[in-house]
Every structure is written in structure tokens, then in C-alpha cells.
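Since the structure comes first, as C-alpha cells, the remarks are kept for the end.
The values are calculated or read from the model by the stated rules, or taken from the named source; none is laboratory data. Owing to the predicted nature of the structure, the values given are computational and were not obtained by experimental measurement. Quick reminder, even Gly has a Cβ in these numbers, built from the backbone with ideal geometry, and neighbours come from all protein chains shown. Note: areas computed on protein heavy atoms with side chains; ligands, DNA, RNA excluded. Shrake-Rupley method; radii C 1.70, N 1.55, O 1.52, S 1.80 Å.
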Amino acid sequence: MKLIIMLCGLFVTTSFQSTKTITKAERKYAVDQLTESKEKLYVQLTNLTVAQQNFKAAPGKWSIAEVMEHIAVTEVGIAQIVEQTLKQSADSLKRAEINVSDVDVRKILTNRKGKAQSPEMLKPTGKFTTLEQAKSFFDAQRNKNIAFIETTNENLREHYWKHPATGVIDLYQSILLVSAHCERHTAQIAEIKSSKDYPF
């Protein structure tokens with residue numbers, strides 16, 4: 001942000017960082033969403049056999065193990081985007097580019113009727129040898145994300161990036177996106193488990 005100051009008859013332009021941070025209500029809402037989406041995911045992952053973890057409803061479809069890998073890798077990927085974007089200068093003027101509310105972000109991501117292609121870098125590649133390994137990787141990053149939103153004083157509302165499904169969003173909305181993304185794929189796991197040939 002820039003401030004123009006009139007000093008001794010001269011206009012001087014100076015840059016400064018905004019010190020705004022999220023509200024207590026926003027902080028609590030994000031923490032609740034991150035915590036609840038993790039709990040919902042783990043309910044779906046309870047007591048799965050190896051056959052159930054690796055079952056695919058059709059050729060080209062993901063298994064539960066692959067969905068979990070995608071969830072885990074995306075959790076880290078979005079956290080890295082937040083970290084990198086915070087290194088840029090805050091800019092309140094870019095808020096005009098945001099066309100979605102906090103509620104919209106969650107609605108868009110959790111709506112399974114809206115199909116989307118995952119970026120290549122986030123597609124499952126067999127990164128984890130077991131489901132438990134994937135869960136452990138996810139759990140460590142989710143705990144970091146919760147700790148971040150609980151304690152950060154960064155100006156999340158004036159830093160932005162563009163997500164393919166939502167368009168431009170601020171970094172607070174990005175945290176909500178993380179939890180909504182998890183819920184989206186938790187629903188996908190439930191769909192896999194309801195397939196007619198799913199092993200019991």
C-alpha cells in the first residue's frame with residue numbers, strides 16, 4: 001500500500017505494510033472448519049482393509065488410498081502457496097478482484113456436482129506405501145495449518161492468489177479452501193465405499 005504525504009510543499013510517496021489481522025470470530029471459524037473436516041475424513045478411513053483401500057470403482061478412477069494421497073499433498077501445497085504469497089506486499093486494492101465470499105469458497109469446493117481436474121503435481125503417484133503413512137503426513141501438515149491460523153498476526157485479507165475453481169481469493173479464504181477441499185474428497189471416499197463392487 002502507498003501513502004502520499006505533503007511535506008514542505010512536496011508530495012512524498014512512501015510504502016508501508018498494513019497491520020490488519022483476522023478477527024477472533026474468523027480465527028475460530030477457520031479452526032473449527034479445519035478440525036471438523038479432519039474428523040469427518042478420519043471417520044471414513046476407519047478400519048479399512050488393504051483391499052478396500054486399493055479398490056477402484058472403474059478404470060481410471062482413484063482408490064481411497066489415492067484420494068488420501070491427493071488430500072495430503074494438496075494440504076501441503078496450499079500451505080506453501082500461503083507462505084510464499086505472504087512474502088509479497090499487502091494490497092487492499094486487489095480486493096475488487098475477489099468475486100466469492102467465504103461461504104462461496106466452501107460451497108464451490110464441497111460441491112461434488114462440479115467436476116474438476118486436479119493439477120498434475122497434485123495427482124496421486126504412489127508417494128506413500130501405506131494409508132497410515134499418508135494419514136500421518138496429512139495429520140502433521142493439518143496440525144501446522146491449525147496452529148498457523150490460531151496464532152498468526154499476518155494480514156491474510158490483503159494477500160491473494162488465483163485458484164482455478166474460485167478465481168482470486170485472499171489467504172484467509174485459502175485456509176477455508178483447505179478444509180473444504182478435504183471435505184470434497186471425504187465425500188469422494190464415501191462414494192467409493194458405496195460402489196456396488198466395493199469389497200466387504
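Within the bounds of region 44-61, is there any residue that is of a type outside the set (Phe, Trp, Tyr), over 21 Å from residue 125 (Cα atoms) and assigned to a helix (DSSP H, G or I)? Looking for residues that are of a type outside the set (Phe, Trp, Tyr), over 21 Å from residue 125 (Cα atoms) and assigned to a helix (DSSP H, G or I), one finds at least one in region 44-61, hence yes.
Of the residues 12, 31, the single one that is more than 19 Å from residue 136 (Cβ to Cβ), at pLDDT below 95 and either in contact with a Lys or Arg (Cβ under 8 Å, 6 or more places away or on another chain) or aliphatic (A, V, I, L, M) (or both) is 12. Can you confirm whether region 64-76 contains a residue that is open to solvent by 40 Å² or more (accessible area, probe 1.4 Å), in contact with a Phe, Trp or Tyr (Cβ under 9 Å, 6 or more places away or on another chain) and on the phi < 0 side of the Ramachandran plot? Looking for residues that are open to solvent by 40 Å² or more (accessible area, probe 1.4 Å), in contact with a Phe, Trp or Tyr (Cβ under 9 Å, 6 or more places away or on another chain) and on the phi < 0 side of the Ramachandran plot, one finds none in region 64-76, hence no.
Go through the residues of region 107-124 one by one and say whether even a single one is among the acidic types (Asp, Glu), open to solvent by less than 40 Å² (accessible area, probe 1.4 Å) and out of contact with any strand residue (DSSP E or B) (no Cβ under 7 Å at 6 or more places or on another chain). The answer is no, given that none of the residues of region 107-124 is among the acidic types (Asp, Glu), open to solvent by less than 40 Å² (accessible area, probe 1.4 Å) and out of contact with any strand residue (DSSP E or B) (no Cβ under 7 Å at 6 or more places or on another chain).
Looking across region 89-103 at every residue that is open to solvent by 70 Å² or more (accessible area, probe 1.4 Å) and assigned to a helix (DSSP H, G or I), the one that is farthest from residue 177 (Cα to Cα) is identified as 93. Every condition in (1) within 30 Å of residue 98 (Cβ to Cβ); (2) more than 15 Å from the chain's Cα centre (by Cα); (3) surrounded by fewer than 20 Cβ atoms within 10 Å (Cβ to Cβ) holds for residue 191 except the one numbered (1).
Each row is one residue, and each column tells you yes or no for (1) open to solvent by less than 50 Å² (accessible area, probe 1.4 Å); (2) out of contact with any Lys or Arg (no Cβ under 9 Å at 6 or more places or on another chain); (3) not in a helix (DSSP H, G or I).
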{"site": "105", "(1), (2), (3)": "yes, yes, no"}
{"site": "162", "(1), (2), (3)": "no, yes, yes"}
{"site": "165", "(1), (2), (3)": "no, yes, yes"}
{"site": "177", "(1), (2), (3)": "yes, no, no"}
